[in-house]
Amino acid sequence: MDTNTAAAKAALAHIEQDENPATIKAKSRDFFWYSPVLKDRMDHLEADFVVNPKTEAEVIEILRVCYAHDVPVTTRGAGTGNYGQAMPMRGGCVMHLRHMTAVKEIHPGRVICEPGILLKDLDSACKEHSGQEIRMFSSTWATATIGGFIAGGSGGVGSCTWGSLRDLGNIIRLRVVTMEAEPRVLEFRGEELARVSHAYGTNGIITEIEMPLAPAYDWVEMFVATKDFIAAARFAEELANEDGILIKLASVYEAPAPFDYFSRVRPHIEADDTLIGLMVAPHSMDGFETFLARRPEARLIYRSDRSDWPKTPGPVFEYGWNHTTLRALKVDPAITYLQVRYAFPRHLELIERMRDEFTPEILQHLEVLRENGKVMFAGLSLVKFSDEARLEEIIRIHEEAGAMIFNPHRYTLEEGGRQSVDDRQLAFKREADPKGLLNPGKMIAWDDPGWKYDRMYAYPAMSKPAEA
Ligand code: FAD
């Protein structure tokens with residue numbers, strides 16, 4: 001640890017810190033290892049110290065002290081991000097918000113809370129208070145924080161009805177602390193939310209969140225099997241387009257992924273079954289049953305409220321979104337994934353083209369997503385990894401066809417997004433983090449404004465692996 005870092009750590013001695021080297025190592029990592037590309041480059045990264053603030057005042061103090069000593073600060077919610085978002089590229093301080101879990105106010109249609117509360121705990125508090133729940137959550141509901149979801153995630157369970165986090169109305173207000181000689185506390189609404197949401201904590205730390213709520217339901221979770229992948233995709237799309245049926249999830253898993261990777265489902269299906277995972281509101285079940293009866297090719301094999309399966313499959317949403325990749329990886333470590341935007345109105349045509357091109361190297365996993373009122377698909381395709389060059393080629397072929405890729409094998413905001421600079425995030429970083437100490441290395445536009453995106457960005461100041 002260099003002298004500046006040691007001085008900052010000592011100046012923060014009165015705030016809870018983790019001293020156990022194994023804990024410091026663990027809290028310097030997220031789920032970056034999903035990507036063989038990131039695993040190669042980031043495995044050695046480690047913070048110099050980890051500090052666990054309990055209040056906004058302690059967050060402000062950590063940022064003030066680290067600013068004074070030029071020490072980088074990388075914020076951690078629960079470390080479930082997939083792209084190394086929460087990993088300290090230059091060491092320094094990891095600030096873990098695990099104690100900032102207060103639910104401050106709940107009103108009809110909205111909740112105000114601290115960022116470190118787990119999504120499941122936030123949901124429980126809202127349900128218990130007034131029968132409400134958050135509109136959407138990442139499939140890491142049981143383990144991820146609301147602050148990490150807003151700063152590092154994009155959408156998930158609920159996005160088939162409500163759209164993504166960045167859609168207007170899905171975040172109401174964020175309270176943000178800057179990293180300056182004297183940190184400021186700012187409140188953002190409306191247009192200003194885009195400065196810090198999905199900015200990986202590179203330009204401010206979120207200390208309070210106001211989110212919209214929806215009525216809570218005991219969702220009926222189901223699996224439906226069919227022999228025809230495209231029929232399954234149509235089923236999911238048509239269900240999401242049934243205006244009178246309320247759903248929270250519609251996922252499609254191409255055969256043989258469910259048979260090969262979903263061990264609790266396997267006894268109930270055959271290798272050539274494509275599976276659809278669903279969450280439907282209980283009062284919509286009559287409508288759903290009518291919808292299902294019109295599609296005799298689809299077999300309802302599981303419903304959570306009437307199950308006779310000897311072993312429960314657990315929550316159906318824990319098969320969807322990025323949990324699909326996790327389940328596949330546990331069975332076959334050579335699997336990796338891509339994040340594809342199959343946009344309306346060409347979504348089904350693009351999916352069929354990619355299947356013609358890549359089956360069986362890629363198995364399709366689709367999530368129904370609503371964007372600007374249109375039903376389309378997010379693809380979290382399961383890819384048999386051979387090498388980086390082939391992965392690049394696969395990405396190029398998708399993009400040339402018009403299927404946009406959000407590259408999950410990159411640690412920067414730009415490369416994981418639309419490969420372009422977000423001017424609002426950059427402008428706010430200039431104001432809120434003048435020394436560039438917040439989660440360094442994650443915003444290319446800050447480090448290298450002339451970058452062309454023609455190859456993978458390599459942050460020059462990234463800590464080097466220790467000599468063997
Ligand atoms: P972390 O990983 O700790 O942090 C994420 C980013 O936010 C980091 O850059 C961190 O520095 C920053 N950050 C955290 N808290 C703050 C704060 N208070 N202020 C400023 N910056 C902050 N993502 C989805 O969007 N949808 C999914 O459905 C989904 N499914 C997943 C399934 C699996 C199995 C896994 C492993 C990941 C999945 N993810 C998904 C990614 C990830 O779980 C989510 O984005 C999650 O919500 C992140 O929360 P976290 O608390 O773990 O955040």
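Read the figures in this text as sums done on the coordinates, not as results from a lab. As the structure is a prediction and not an experimental result, all values here were calculated from the model. So basically every Cβ, Gly included, is an ideal-geometry build from the backbone, and we count neighbours across all protein chains shown.
Below is a table of values for the structure above.
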item: Equivalent ellipsoid semi-axes, segment 129-248, via Cα gyration tensor eigenvalues times 5, rooted, Å; result: 34, 15, 13
item: Alpha-carbon centroids, segment 150-205 and segment 441-468: separation in whole Å; result: 24 Å
item: Ranked list, fewest to most other Cβ atoms within 10 Å of each Cβ, for 406, 137; result: 406, 137
item: Relative exposure of 129, 398, 44, 14, judged by other C-beta atoms within 10 Å (fewest first); result: 14, 44, 129, 398
item: Cα-Cα over 23 Å, subset of 429/464; 27/464; 27/452; 54/104; 25/464; 25/384; result: 429/464; 27/452; 25/384
item: Order of 418, 294, 327 - criterion: other Cβ atoms within 10 Å of each residue's Cβ, fewest first; result: 294, 418, 327
item: Orientation-averaged projected area, Cα convex hull of the chain (nm²); result: 22.0 nm²
item: Euclidean distance between Cα centres, segment 338-397 to segment 283-319, Å; result: 26 Å
item: Shape category assigned to segment 220-405 from the gyration tensor of Cα positions, a/c cut at 1.5; result: oblate
item: Cα gyration tensor shape of segment 339-468, rounded if a/c is under 1.5, else prolate or oblate by comparing a/b with b/c; result: oblate
item: Bins of 5 Å, starting at 0 and running to the largest distance - Cα pair percent for segment 1-94; result: 3, 15, 25, 24, 18, 10, 5, 1
